[in-house]
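Worksheet: one structure, shown below.
The values are calculated or read from the model by the stated rules, or taken from the named source; none is laboratory data. Please read all numbers here as calculations on a predicted model, not as lab measurements. Backbone-built Cβ (ideal geometry, glycine too); neighbour counts: all protein chains shown. Heads up: the accessible areas ignore ligands, DNA and RNA and are worked out on the full protein's heavy atoms, side chains in. Shrake-Rupley method; radii C 1.70, N 1.55, O 1.52, S 1.80 Å.
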Amino acid sequence: MTAEELGQMIWNVKELLRNVYDNKDVEDVILPFTLLRRLDCVLVGSESRVAANMKQLEELGQTSQEDIDNMMPMLMDAAGYKFYNTSGLSLSKLITVPADLTNNFKTYLEGFSPNIREILKNFTGKGENASLSDIFLNLARKNLLLQVTKAFVLNIDLSPDKVDNHMMGTVFEIVIRYAKESVGIGAGQFYTPRDIVRLMTEITLLGQEDKIYQDGKIISVYDPCCGTGGILTLTKDTIEETAKERRVDVTVNLFGQELNDKTYALCKSDIIMKGDEAKGIAVGDTLLIDEFRDQKFNFMLANPPYGVDWKREYDSVSAEAEDKNSRFAPGLPDKSDGQLLFTLHMLHKMDPKGSRVGILSNGSPLFNGGAGSGWSNIRKHMLDNDLLDAIIALPGGLFYGTGIATYLWIFDNKKPESHKNKVLLINAAKDEYVQPMRKNLGMKNILVSDYGRNEICRIYHAFETCDNAKLMDKDDFFYTYITVERPLRLIYKDVKTKYAALDEKKRSEALANIVALNDIDTERTDAEFFAYLESKKIKTTAKLIKDCRTFFGEVSETAPEVHVIPLDDSSDLVTDTNLRDYESIPFKTDIQEYFQNEVLRFAPDAWMDREKDKIGCEFPISKLFYEYQPLRSVEDILADIRALEEDEEQSIQSLINDCLLYTSDAADEA
């Protein structure tokens, strides 16, 4: 039986719940029972060994739950797994005594090791208020507990000899997908497709073989938004498989944090069933509380949520960013999208001895935000510290919940010499790297092919410019954002009319005295206007000068420039804010030369206000790989139109002929 067929069989248990449970609540039964059935099958044969240990504890008078939990390592050894059950019961035994099923089910759940009990409580989604009874009491009240338990015991065999750990992880993912899609929630919110994970894992591990595959080596892998743990477990599998091939003993410790209680429960249970205690998996909001605050990791991989706001975390994150040594100190993106916060979090957790990071994103982190913005400053931080190694553009259609293009970022704080101050951009958004799926899964309609994954890895490993890659200097991504000013040019006329139209609050005695002058309406330049006022003994203050220019002056392109101090040509020019412009000048371009050729040629009176310069940073990967597609010729377009017209005429003629034939037949019958 395939994983897809087994997942479908498990999900079909929902038919027992039809018209009794709402669609959104079905997963509250199916998911924990899937876990219980797997645990039940795995623990077969361990009951007598665990019972013998429990008898020893009874003889020592250590019978409280606390006493038993304190002996967790001993009981794990007895069970042969990182979990156990001390109740002596199993799902198979429970259904043999239907009359006592509810009470026995409670005893059965309470008999699990503390790590499993904690997982089961998280399946309820009730947080600190969760109880193990929430797993089964509602079923019991609706007289469905026996039917559901029987369905899993009699029809679904999840024994390790039938379903290995890898397949079980796939089955979990399939059941989750069915559960989420049944209520219109994208599965991609909870796990990342395996073909993407394989690519991300292989690229992130590439070139690190000598550091990883050493006898006795301990490797830490971390995902700050781990979902169901697919990225973590596949990375561990990849490392362990290669270590086995190389005949070296490598230990991989997994660490992750997940916001959603139920997803966390799935993640932790999957890891436990694969032989790990899952002590490194935590539940909670990574942006609010880092459950691994003082830890650094060798490898970090993640697929954080795209375009999800972080308004709830804003106050806490902003306060933390004030500390120049904090994870968010380099900058903050817009509150509407928190992807780069996860990137900063991971970069902050890089081990000074060497770490690699692989993280997926949509296009926003590449270029959102202008120079001086939080977005730009974060990108600048990546390059200033020479952390960014590569960005790989992926095609749309790879994910379950979105068809948009995505990007894989690779970071390395111990780059080889040939990579230093360089960034490789790879255009993997090509049909040659993917293959169509036989059946769409949500919005996912293609897979990264084996050839595509190998070719992308080869291009990355070569780390040089080729048809689908560009090796860039880090300075290629920087630009200087300059402010271009032009002078204000004013003339004065019809002053009396303008004063009469002024709001009463804007009028003043000083302005009234000017308006009272006989020939004040004569057209004058700015210098002429204030020279005239001076000749009439009008004392001008800074406020009066400003008011005159604001209320009486008209912009004129042919008028002379306006100086801050009237009649003093040595004073600064007044800027016309309506003509203010900005230029983004690449770092490698001489600013003065650019200004001369691209600005002064069109605006000879312009100047740069260099005090307002800002350094910006963006990764215009789409622009760099843009391929011009020539427009179709007029002849081709007209030929298509003529062909359509001919088809239309033929269709109309065929319809007319059918109508005539029908009329003729009707007449004959009459």
Worksheet, complete the sentence: Restricted to region 312-355 and to residues being outside any loop (DSSP other than H, G, I, E, B), out of contact with any Phe, Trp or Tyr (no Cβ under 6 Å at 6 or more places or on another chain) and without any contact (Cβ under 8 Å) to a residue 40 or more places away in the chain, the residue nearest to S376 (Cα to Cα) is L340
Discussion item. So, Y460, is that one over 30 Å from V197 (Cα atoms), in contact with a strand residue (DSSP E or B) (Cβ under 9 Å, 6 or more places away or on another chain) and open to solvent by less than 80 Å² (accessible area, probe 1.4 Å) or not?
Written reply: no
Worksheet item: Looking only at residues in region 502-524 that are of a type in the set (G, A, S) and not in a loop (DSSP other than H, G, I, E, B), which one is surrounded by the most Cβ atoms within 10 Å (Cβ to Cβ)?
Response: A510
Worksheet item: Of all residues in region 150-170, which are under 28 Å from T102 (Cβ atoms) and of a type in the set (V, I, T)?
Response: V153, I156
Worksheet item: Looking at N12, N53, which is the one that is assigned to a helix (DSSP H, G or I) and open to solvent by 30 Å² or more (accessible area, probe 1.4 Å)?
Response: N12
Discussion item. Can you confirm whether G401 is among the small types (G, A, S), in a loop (DSSP other than H, G, I, E, B) and in contact with a helix residue (DSSP H, G or I) (Cβ under 6 Å, 6 or more places away or on another chain)?
Written reply: yes
Discussion item. Of the conditions (1) at pLDDT below 95; (2) of a type outside the set (K, R); (3) touching a Cys at 6+ places or on another chain (Cβ under 6 Å), G256 satisfies every one except a single condition; which number is it?
Written reply: (1)
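Matching residues to (1) within 24 Å of G442 (Cβ to Cβ); (2) open to solvent by less than 10 Å² (accessible area, probe 1.4 Å); (3) within 21 Å of the chain's Cα centre (by Cα):
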| residue | (1), (2), (3) |
| --- | --- |
| I196 | yes, yes, yes |
| D215 | no, no, no |
| I218 | no, no, no |
| K236 | no, no, no |
| D249 | no, no, no |
| N253 | no, no, no |
| E258 | yes, no, yes |
| I272 | no, yes, no |
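Let's see how each residue does on (1) out of contact with any Gly (no Cβ under 9 Å at 6 or more places or on another chain); (2) at negative phi; (3) surrounded by 15 or more Cβ atoms within 10 Å (Cβ to Cβ):
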| site | (1), (2), (3) |
| --- | --- |
| K439 | yes, yes, no |
| N445 | no, yes, yes |
| V448 | yes, yes, yes |
| C466 | yes, yes, no |
| D473 | yes, yes, no |
| D476 | yes, yes, yes |
| T483 | yes, yes, yes |
Practice prompt. Return the pairs, sorted by first residue and then second, in which the second residue is of a type outside the set (K, R), the first residue lies in region 51-65 and is over 14 Å from G111 (Cα atoms), the beta carbons are less than 7 Å apart, and the residues are 6+ apart or on different chains.
Written response: L57/T63; L57/D67; L57/I68; L57/M71
Response to the item:
Counted residues in region 554-576 being under 29 Å from G372 (Cβ atoms) and open to solvent by 90 Å² or more (accessible area, probe 1.4 Å) come to 1
Worksheet item: Which fully enclosed helices (runs of 4 or more DSSP H) of region 525-644 have 2 or more residues being over 28 Å from L490 (Cα atoms)?
Response: 591-595, 621-624
Discussion item. Of everything in region 76-108, what is among the aliphatic types (A, V, I, L, M) and modelled with pLDDT under 90? Give them in sequence order.
Written reply: M76, A78, A79
Worksheet item: Does region 356-376 hold any residues that are over 13 Å from the mean Cα position of the chain (by Cα) and assigned to a loop (DSSP other than H, G, I, E, B), and which are they?
Response: N368, G369, G370, A371, G372, S373
Worksheet item: Condition test on S48, is it assigned to a helix (DSSP H, G or I), surrounded by fewer than 21 Cβ atoms within 10 Å (Cβ to Cβ), out of contact with any Lys or Arg (no Cβ under 8 Å at 6 or more places or on another chain) and in contact (Cβ under 8 Å) with a residue 60 or more places away in the chain?
Response: no
Worksheet item: What residue, of L344, L288, L332, L340, is hydrophobic (A, V, I, L, M, F, W, C) and touching a Ser or Thr at 6+ places or on another chain (Cβ under 6 Å)?
Response: L288
